[in-house]
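Read-outs: derived from the displayed coordinates by stated rules, not from any lab. Note that the coordinates shown come from a computational prediction; the quantities given were computed from them, not determined experimentally. So basically every Cβ, Gly included, is an ideal-geometry build from the backbone, and we count neighbours across all protein chains shown.
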Amino acid sequence: MKTDMEQSPVSYERLDADNDDSLGRILVFTSKQCPFCGEALRLAKEAASRLHYYSKQLEVVETRIENSRDVLDYHRITAIPTIKIGPATLTGLPKVEDVEQVIHEMMLTDRLNAAMNP
């Protein structure tokens, strides 16, 4: 049986944690020409606001690709909209539940790493 994430048309990729993206930031890569980017940004903000109980404030940061093409290579962005949460990447238009699931996974990983490396 597949989970919701596996059934979703959104691409999900977990990258190595060798970048400097903190869990407190949700990066949303958008374009003026993208018909789905505004909705992806709205979903990221909604997911962040639903998780207000987390000890860190989750900041949603929009990056327009027209203004920062070099950022695409750095973050390995191949399509838009793309949402990055720590080392995890959601490409396409996710459901808000998909974004929340990734945030929860990243929070759990963050807390486990903190507990194992005091």
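Between residue 76 and residue 116, what length in nm is gained on full extension when 0.36 nm per residue of separation is reduced by their alpha carbon distance? Walk me through the numbers on the way to the answer.
On the way: separation 40, 0.36 × 40 = 14.40 nm, distance 2.89 nm.
Residue separation times 0.36 nm, minus the Cα-Cα distance, leaves 11.5 nm.
Extending each Cα 7 Å along its Cβ direction at residue 69 and residue 51, get the distance between those two points in nm, one decimal.
Here the modelled spin labels are 3.3 nm apart.
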